[in-house]
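Reading through the structure tokens given below for one structure.
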Amino acid sequence: MAGITEIIIQALWLMLPAYIANPAAVVFGGGAPVDFGKNWIDGKRILGDGKTFRGLIGGTACGVIIGIIQMLYSPSGFPGEFTLLAVFSLSFGALLGDMVKSFFKRRIGYERGEKLPFIDQLDFVAGAWIVTYLLEPEWFLENFTFWIIIVIIVLTPALHRITNIIGYYMKLKKEPW
Ligand code: CTP
Ligand code: MG
């Protein structure tokens, strides 16, 4: 088994497109919401004003750009010889997971921006993994091995927290979570 440091570096490398897509959505967000301001049958917003087309597209684009740079500069043999499809599915999947989370948050009566510990931090990881597994199953299973997955689940909430605190002080986020 590879050393823990190596596993951590591999995990961060593999997740980088998703890790970039998520905060990039905050930077690019604004404008028309994905649910077009419409309500669900329960009278509450389908997704809410926190999920916008600009965020979705800008976030996906940034994740894909990072992934392409990783494809070009990957040290040979280093994990995650990304495919373009994997890069896309990690980025887009991250934001899709975040939107699915918002859908369920609205259903249980949570307002936009109201915090849901752990779920807010791992929604995009789950989305990235599920979409990548569906679109690029062999690549996913080859790269996201058991220990890589464990490391990502453990490290992501801490990384997410740090990113959001930075975003909060940069006045990009309304709340530090
Ligand atoms: N954002 C966006 N489009 C997305 C995702 C995020 O525009 N697809 C922007 C919004 O400005 C959003 C901010 O990034 O307010 C923070 O994202 P997030 O924490 O996911 O949304 P919340 O506002 O907390 O909404 P929710 O309660 O639905 O999670
Ligand atoms: Mg939030």
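The values are calculated or read from the model by the stated rules, or taken from the named source; none is laboratory data. Remember, predicted model here, so these are calculated numbers, not experimental data. Cβ sites come from the backbone with ideal geometry, for glycine too, and all protein chains shown count toward neighbours.
So here's what we get for this one:
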read-out	value
Residue within segment 44-60 that is closer than 16 Å to Thr132 by Cα and touching a Phe, Trp or Tyr at 6+ places or on another chain (Cβ under 8 Å) present	yes
Residue in segment 103-125 that is at pLDDT 95 or above, over 16 Å from the mean Cα position of the chain (by Cα) and more than 30 Å from Pro33 (Cα to Cα) present	no
Trp129 being more than 16 Å from ligand 1 (Cβ to nearest atom), more than 12 Å from the chain's Cα centre (by Cα), without any contact (Cβ under 8 Å) to a residue 60 or more places away in the chain and crowded, with 18+ Cβ neighbours inside 10 Å	no
Members of segment 102-119 that are buried (at least 21 other Cβ atoms within 10 Å of the Cβ) and closer than 24 Å to Leu16 by Cβ	Ser102
Qualifying positions in segment 128-167 - within 16 Å of ligand 2 (Cβ to nearest atom) and out of contact with any Lys or Arg (no Cβ under 8 Å at 6 or more places or on another chain)	Thr156, Pro157, Leu159, His160, Arg161, Ile162, Thr163, Ile165, Ile166
Considering residues of segment 36-79 that are within 16 Å of ligand 2 (Cβ to nearest atom) and part of a loop (DSSP other than H, G, I, E, B) only, the residue surrounded by the fewest Cβ atoms within 10 Å (Cβ to Cβ)	Asp49
Any hit, segment 82-103, residues being free of Cβ contacts under 8 Å to residues at least 12 places away in the same chain, among the aromatic types (Phe, Trp, Tyr) and more than 15 Å from ligand 1 (Cβ to nearest atom)	no
Residue identified as at pLDDT 95 or above and under 19 Å from Leu122 (Cα atoms) among Gly67, Gly29, Gly97, Gly58	Gly97
Helices (runs of 4 or more DSSP H) completely within segment 92-177 that count 2 or more residues being closer than 17 Å to Ala24 by Cα	119-135, 146-169
